[in-house]
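Worksheet for the structure shown next.
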Amino acid sequence: MGQLTWRSAAREVGRAALRHKVLSAVIAVCVAGSLIAIGVIGSASGQPARPAVVAAPAFSLSLLGNDSGQQITLSKYRGQPLIVNFFASWCGPCKTETPLLASFYRGEKGKMALVGLDENDTVANATAFTRANSVSYPVGWDPHFGVGTAYGVSALPQTFFLNARHQIVDRVFGKVTLADLRKGMALATAGG
């Protein structure tokens, strides 16, 4: 093995640096292309992709405003499409969403069941909030966020649309709109 001169050592370092730069550029292009592809495939509309159809976790909670120990359960709605709305009296977006849900429920009563699940709240605040917003649909009280956790709720409000087999067919992150309700209702009642 011959000795390297300063000149040949410098050339070797230069070649190694060039190879490293080319390899780094190729990797960067591959990573960028993958991220773009994931973004395009994952959601063409800019909205979170609809969840895969999965079974909704069962729940049983105390019925808000009822001192007789009545429970609100998922199984009570067996065979019916159902909207499950997670909210709280202290949640800013919930304050504008709840009146819309109450009005929607009154207009669609009998076509689709709706239950509210008040999360991480006091009974007094939850009761006052639902009365002030003319909520006539059943509301369960979940003071420790147990059902919310089971559904993967990390922020309020969130709304789930279940078909008659109680599979989640749509989910809205944040406050729902009338268009969201109509779309979710259509998905939940379509052959479910």
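The values are calculated or read from the model by the stated rules, or taken from the named source; none is laboratory data. Not measured: the values here are computed from a predicted model. Here the Cβ is made from the backbone with ideal geometry for all residues, glycine too, and neighbour counts use every protein chain on show. Side chains are part of the model used for accessible areas, which takes the heavy atoms of the whole protein and leaves out ligands, DNA and RNA. Shrake-Rupley method; radii C 1.70, N 1.55, O 1.52, S 1.80 Å.
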When all protein chains stay in place, what accessible area (Å², nearest 10, 1.4 Å probe) is found for R165? 150 Å²
Between segment 157-192 and segment 67-95, the alpha-carbon center distance in angstrom: 14 Å
How far, in nm, would the chain grow between S68 and R131 when pulled straight, counting 0.36 nm per residue and subtracting the alpha carbon separation? 20.8 nm
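Between T122 and S154, take the C-beta separation as r, use R0 = 22 Å, and let me know the FRET efficiency to the nearest 0.05. All intermediate terms of the calculation are to be shown ahead of the outcome.
Details: r = 21 Å, r/R0 = 0.96.
For T122 and S154, the calculated efficiency is 0.55.
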Taking 22 Å as R0, compute the FRET efficiency from the Cβ-Cβ separation of V54 and T96 and round it to 0.05. 0.15
What is the extension gain from A190 to H144, computed as 0.36 nm multiplied by their sequence separation minus the C-alpha to C-alpha distance, in nm to one decimal? 13.2 nm
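Given a Förster distance of 41 Å, report the FRET efficiency between K183 and R19 from their Cβ-Cβ distance, rounded to the nearest 0.05. Present the calculation step by step, with values, prior to reporting the outcome.
Values: r = 53 Å, r/R0 = 1.30.
So the FRET efficiency works out to roughly 0.15.
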